[in-house]
Structure formats: structure tokens, C-alpha cells
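The values are calculated or read from the model by the stated rules, or taken from the named source; none is laboratory data. Here the structure is a predicted model, which means the values were calculated and not measured. Cβ placement follows ideal geometry from the backbone for every residue including glycine, while neighbour counts extend to all protein chains displayed.
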Amino acid sequence: MLENISDRWLVEQFLLFKNERAFSKLYDRHSKSMYAIALQITAGNKLQAEDILQTTWLKAIQKLVEFRWESTLRTWLISILIISGKEINRKSKSHLDIELTVENATPLIKTIDKIDLDNALAKLPPGYKVVFVLHDIEGYKHEEIGSLLGIHAGTSKSQLFNARKILRNYLMN
């Protein structure tokens, strides 16, 4: 029954009536893609990805009443997820790293040896990695990436250009 209902209606039901079914539907609708991005951010660390996902939902619930619908709910949730990932990484004193999951990659990327690609991605600065994964792997547009990361779309384009240049140089040599 709730499958075709908009995110906005589900959020309103949750906020006004504490409707658990509405929240459950939101969780089910968005968690799979959020978890996939969390796995990318944590280089495949499932426990850390689960922590990031749960932290994201806890923060989202607290701030949901403030959400102004200037972006999609999914974009807003992903921005919280990225911030949560950085915080968790900072707390664990590990470096924010993104590992490409070849199963999620574009066909062109699938032809590259996974070890070579992992080594090339390791050479990218963290900002370049995040933009590369969000754009080339997850399919986000530069405006969405800008919104998620708090940067201008032009900065996202520049970081993607530089990331591709570094990857191309590394993989061709």
C-alpha cells in the first residue's frame, strides 16, 4: 500500500503521527543505496558501513523536522551519510578511503584489472575519490554532488577531471 507514496507524505506521516510503517518504508526505500555508498566510503568494511548507515538514520530522524525539501530526501540523506562517514573515520583516526566495488562499476571500468584500479584509486586525494565514486560509479550529477559535499558543481567537475587524469596516467603507465 505504501509503495507508490511519495517520500514527502511518508515523512509527514512519521513526523505528525509517529507512524512506524511510514518510517519503515522510508528506511527500506533508501537504505540499500545508502549502504552501498557507505561501503564505498569504508573500502568495503561492512561493520563500519553499517555504523555509518545507522548514524545517518539517527541524525536524519533528529533533523527531519528541519528538512525544507529544497533537494530530494535521498540527496539529503546521502549528504548526512557522507558527513557521518567522515566523522566516524576521524574518530577511528583512519583516512577516508573509497574502494571501487567492481560489481557496481560501469562496463568500461569493469575491463580494468581490479588490483590496478584499487592501486590507482589509492593514489587519489580523498576529495577526488569521493567525487569519482559518486559521479562515475553511483551516477550522481555534479549539482547533486555539490549539494552532497557542500561544494560548487564546478569544483565537482574539476575534481572529477583531475581524478580521471590521475587514474588514466596511472593505469596507462
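For the stretch 35-67, filtering for residues that are crowded, with 21+ Cβ neighbours inside 10 Å and touching a residue at least 40 places away in the same chain (Cβ under 8 Å) leaves 6. Restricting attention to the stretch 76-125, the residues that are part of a helix (DSSP H, G or I), under 14 Å from the mean Cα position of the chain (by Cα) and either modelled with pLDDT under 80 or buried (at least 17 other Cβ atoms within 10 Å of the Cβ) (or both) total 11. Return yes or no: is K25 crowded, with 18+ Cβ neighbours inside 10 Å and over 28 Å from L124 (Cβ atoms)? Here the answer is yes, as K25 does meet what is asked.
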